[in-house]
Structure formats: structure tokens, C-alpha cells
1. Test B:ASP26 against the stated conditions and say whether it is charged (D, E, K, R), open to solvent by 60 Å² or more (accessible area, probe 1.4 Å), more than 14 Å from every other protein chain (Cβ to nearest Cβ) and over 11 Å from the mean Cα position of the chain (by Cα).
2. When only residues in the range B:34-46 that are crowded, with 16+ Cβ neighbours inside 10 Å and at the interface with another protein chain (Cβ under 10 Å from one of its Cβ atoms) count, which is farthest from the chain's Cα centre (by Cα)?
3. Inside the range B:47-93, can you point out the residues that are assigned to a loop (DSSP other than H, G, I, E, B), touching a residue at least 60 places away in the same chain (Cβ under 8 Å) and crowded, with 17+ Cβ neighbours inside 10 Å?
4. Given the range A:44-107, what strands (runs of 3 or more DSSP E) lie entirely inside it while holding 2 or more residues that are at pLDDT 95 or above, more than 14 Å from chain B (Cβ to nearest Cβ) and touching a Ser or Thr at 6+ places or on another chain (Cβ under 9 Å)?
5. For the subset of the range B:80-95 comprising residues that are within 9 Å of chain A (Cβ to nearest Cβ) and not small (Gly, Ala, Ser), which member is nearest to B:LEU45 (Cα to Cα)?
6. Which residues, counting only those in the range A:48-107, are aliphatic (A, V, I, L, M) and more than 14 Å from the chain's Cα centre (by Cα)?
Amino acid sequence: KNEVEQSPQNLTAQEGEFITINCSYSVGISALHWLQQHPGGGIVSLFMLSSGKKKHGRLIATINIQEKHSSLHITASHPRDSAVYICAVGRNNDMRFGAGTRLTVKP
Amino acid sequence: NAGVTQTPKFQVLKTGQSMTLQCAQDMNHEYMSWYRQDPGMGLRLIHYSVGAGITDQGEVPNGYNVSRSTTEDFPLRLLSAAPSQTSVYFCASSSYINTGELFFGEGSRLTVL
């Protein structure tokens, strides 16, 4: 079983919808990262969390350390949000990644 | 500010050939790392470095070699390429090991025939 599990694997939404992507992990961590990979392949960091909640524009990330679970929310989704969203957990010097959630937002 | 620069973007090798993927960052980050990305498997850590002169293995280090002679550069060497090393490779850097924002290079697509 993968140490980092994401759901759903694929998600299709209509423009304007509220989107939630989930990440569960099975190991103790020092931090959790949410990454965005664009169709062209480039990867950018969205959030780094060790507790609580962070917000940046229309994106919100939360983490529950006790339940080993994090969520990424996108409010008022837009076609430009179409990408693969990747959850990654840092433990000591190691990093483990989820397989990603492919999001398609239709106009 | 260039961030993380990775070269080459594309490379085709024959089995048994060697090559080096270059990675350079201009943000004075101590932590640098190499990952490979394969379809359906997500990113996997190959090697990492926490500073000049210090390197260590990640999840999938076999067949790869790294060195860190300067803070800026962290090259990844394939000693004898195998078809199983066909993948997309990403270099990343961070100011703090696992608790800082990760900055990724644009990726290098390697095909081994």
C-alpha cells in the first residue's frame, strides 16, 4: 500500500464548482506539500503545511495531523485550474508522493 | 532570478551509455533533490543533498550517482543507462529540508533504447 494515497484519481468539474482533493498518509511527517503540475509538465508548489489551514486566493489547504489527512479545496473553479495536483509528505530527509489527481474544469 | 535550471530537456540514449543531467539553483538553497516521474507511480526520490559535500540515497537510488561540490550545482549521473531508466526527471531545491517551499526545474525527458 502506498504511503500517500490521493483521491479521487480523476475529477471533472464544471466551471464555478467547489472542488475537494483528498490526501491520506500512513507515516509520521514533518510537513505536507501540495503541488500543481501543469499540462506542459512543470511543477509548482502551492502550499506547505505542518498544521492547520492555509489560504491563497481561491485555494485552501487543510491538514489534520491526528487523522493523517489533508484536503485541497478550490473555490469557484476555472478552466485554468485544470492540472494534476500532487500531495507529498516530508519525513526526515525523505519525500513521498501521491500518484496525483487529474483535474479537468470545463467551461 | 532563474530559480532551478535543469538541462537537457530531452535526451535519447542507447543501453549502456552514460550521461549527466545538470541541475543548478541560484537561491542559495541547502537542500537539493532528484526525482523520477513514471506514469501511474508519481514522483520518487532518487538522491538528495542537504549541503555541499553531503549526499544521501532516496527511495530509488540504484543506477544513479550524485555529487554536490558547490551549493549551486547537483548533477545526476547515469553510469550505464538501462531501458528501465526511461522516465521524466525533476530536480528540486528548498531552503529547508522538508519544511520549506519546493522549487522544481522544468524536467528532463530521458529515453533509453
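The values are calculated or read from the model by the stated rules, or taken from the named source; none is laboratory data. Note that the structure is a prediction, hence the values are computed from the model and not measured. Virtual Cβ from ideal backbone geometry, glycine too; neighbours counted across all protein chains shown. Calculation scope for accessible area: heavy atoms of the full protein, side chains included, ligands and nucleic acids excluded. Shrake-Rupley method; radii C 1.70, N 1.55, O 1.52, S 1.80 Å.
1. Considered against the rule, which asks whether it is charged (D, E, K, R), open to solvent by 60 Å² or more (accessible area, probe 1.4 Å), more than 14 Å from every other protein chain (Cβ to nearest Cβ) and over 11 Å from the mean Cα position of the chain (by Cα), B:ASP26 comes out as yes.
2. Checking each candidate, the answer is B:GLY42.
3. Residue satisfying the conditions is B:ALA81 alone.
4. Qualifying strands (runs of 3 or more DSSP E): A:59-64, A:69-74, A:101-106.
5. For the range B:80-95, the residue satisfying everything is B:PHE90.
6. A:ILE65, A:ALA76, A:MET95, A:VAL105
Residues checked against (1) at pLDDT 95 or above; (2) within 20 Å of A:GLN36 (Cβ to Cβ):
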| residue | (1), (2) |
| --- | --- |
| B:GLN11 | yes, no |
| B:SER18 | yes, no |
| B:GLU30 | no, no |
| B:GLY40 | no, yes |
